[in-house]
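Shown next, in structure tokens, is the structure this report addresses.
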Amino acid sequence: MRAELIPIIHTIYSEMANLQPENEVLIIADSRTPKSVTEAFFGEALAMGATAQVLLVPTPPPPSLQTGLKWSKTVHAATTTPDLIVDLAIGYADFIMDAVKRGARVISPGDGTGNIHLEDTLMRTIGAVDIRKLRRESELIADLLTKGSSLRITSDEGTDITIDITGLVGNPNDGFLWDPDKKEWRNIKWVLLPPSQPGLVLPTGSSNGVIAADGFILYEPAYNHETPKSPLRIRVEKSWITEISGDPLTSTRLKNWLESFAPDKTPYHGPVHCNIGTNPRAMLTQHQEFERLRGTITFGWGDNSMLGSLKGQTFGLVKSPVHWDCMILRPTLYIDNRKIIDHGVMPSLV
Ligand SMILES: [Fe+2]
């Protein structure tokens with residue numbers, strides 16, 4: 001293990017999760033999680049006076065199938081009591097939702113799918129950036145989204161989509177459970193790291209247009225994600241996919257995969273979220289950090305029942321056995337009349 005990870009884990013516990021000596025921590029790992037990273041989270045929790053345990057779970061199937069998973073009663077039981085769950089393996093799961101409803105807080109330093117990249121990713125995207133500044137900017141963007149009524153996203157690759165965001169609540173998605181400036185808990189009990197990807201969970205009917213995905217596509221049969229050789233075009237009418245075209249390989253594979261769920265049409269639902277990457281040191285790796293790459297936008301599809309519940313959304317949510325994602329690398333983004341990203345270039349807002 002690289003020693004620089006230790007102060008980063010301390011920052012995560014102290015500034016982002018407000019770990020206190022009276023707290024009980026459960027660290028969830030699978031066989032992909034580097035043992036040294038698991039033990040560093042375990043040891044640092046002990047060093048801060050908390051009680052800590054580690055739970056090793058079977059490696060889940062690909063992330064796009066997370067929402068359809070059923071976890072064992074032992075995992076459910078183990079997660080009914082901790083104050084803080086450090087998820088290094090799972091992501092979306094029924095027992096995580098139950099734990100949050102019960103009052104537990106969950107921090108997921110690898111988006112649940114923490115892998116061999118975890119150590120380098122956290123050192124680069126937390127240790128080498130000003131996460132306090134990212135938090136302030138993410139809160140500002142979330143506020144713009146909350147007050148805004150429309151998103152317009154275009155790209156030279158062919159994206160042209162309009163999203164009605166009237167009445168929606170923007171999420172800063174910056175990884176902080178705790179506000180270290182105000183010294184108070186924030187209104188969120190489940191966060192992903194690294195920071196940040198401010199955005200929105202979207203209701204059905206909000207989106208119309210075309211997304212030309214030139215970044216990653218996180219779906220089956222890729223275990224993590226693939227990059228199309230040319231833009232993959234997804235046409236959307238009232239938040240349902242009506243046409244998939246463009247890149248021959250990925251469009252064929254994606255259509256085949258979506259059709260395999262017939263007669264269930266929910267995998268065609270979306271976008272169910274729209275997130276703006278803001279981290280200047282995030283990279284296009286197999287780690288979920290790709291969603292935080294500054295100046296990019298990631299869209300989610302299929303299930304929003306788990307994400308929406310974890311984010312406290314009250315509008316009608318769609319349950320689906322899959323949740324998949326795609327990203328665009330060079331968007332131009334307007335929130336109402338304010339340009340936030342210009343061809344993938346995002347100036348600092350703070
Ligand atoms: Fe997603």
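Each value in this text was obtained by applying a stated rule to the coordinates, not by laboratory testing. On a predicted model such as this, the values are computed, not experimentally measured, just so you know. Ideal geometry is used to build each Cβ from the backbone, glycine not excepted, and the neighbour counts take in all protein chains shown.
If you go through segment 35-53 one residue at a time, do you hit one that is in a strand (DSSP E or B) and surrounded by fewer than 18 Cβ atoms within 10 Å (Cβ to Cβ)? Yes, because at least one residue in segment 35-53 is in a strand (DSSP E or B) and surrounded by fewer than 18 Cβ atoms within 10 Å (Cβ to Cβ). Exactly one residue among Leu310, Leu232, Leu258, Leu284 is under 21 Å from Gly112 (Cα atoms) and crowded, with 18+ Cβ neighbours inside 10 Å, and that residue is Leu310. In segment 158-167 there is no residue that is assigned to a strand (DSSP E or B), under 19 Å from the mean Cα position of the chain (by Cα) and more than 24 Å from Met1 (Cβ to Cβ). Answer yes or no as to whether Thr146 is part of a helix (DSSP H, G or I) and crowded, with 20+ Cβ neighbours inside 10 Å. In short, no. If you go through segment 149-172 and keep only what is crowded, with 19+ Cβ neighbours inside 10 Å, over 23 Å from Asp214 (Cα atoms) and not hydrophobic (A, V, I, L, M, F, W, C), you end up with Gly170, Asn171, Pro172.
Could you check, for segment 317-336, whether at least one of its residues is farther than 22 Å from Ile217 by Cβ and acidic (Asp, Glu)? So far as segment 317-336 goes, yes, one or more of its residues are farther than 22 Å from Ile217 by Cβ and acidic (Asp, Glu).
Would you tally the residues in segment 307-334 being of a type in the set (A, V, I, L, M, F, W, C) and in contact with a Ser or Thr (Cβ under 8 Å, 6 or more places away or on another chain)?
Of segment 307-334, the ones of a type in the set (A, V, I, L, M, F, W, C) are 307, 310, 315, 317-318, 322, 324, 326-329, 333.
Imposing the further condition that a residue be in contact with a Ser or Thr (Cβ under 8 Å, 6 or more places away or on another chain) reduces the set to 317-318, 322, 324, 326-329.
Qualifying residue count for the region: 8.
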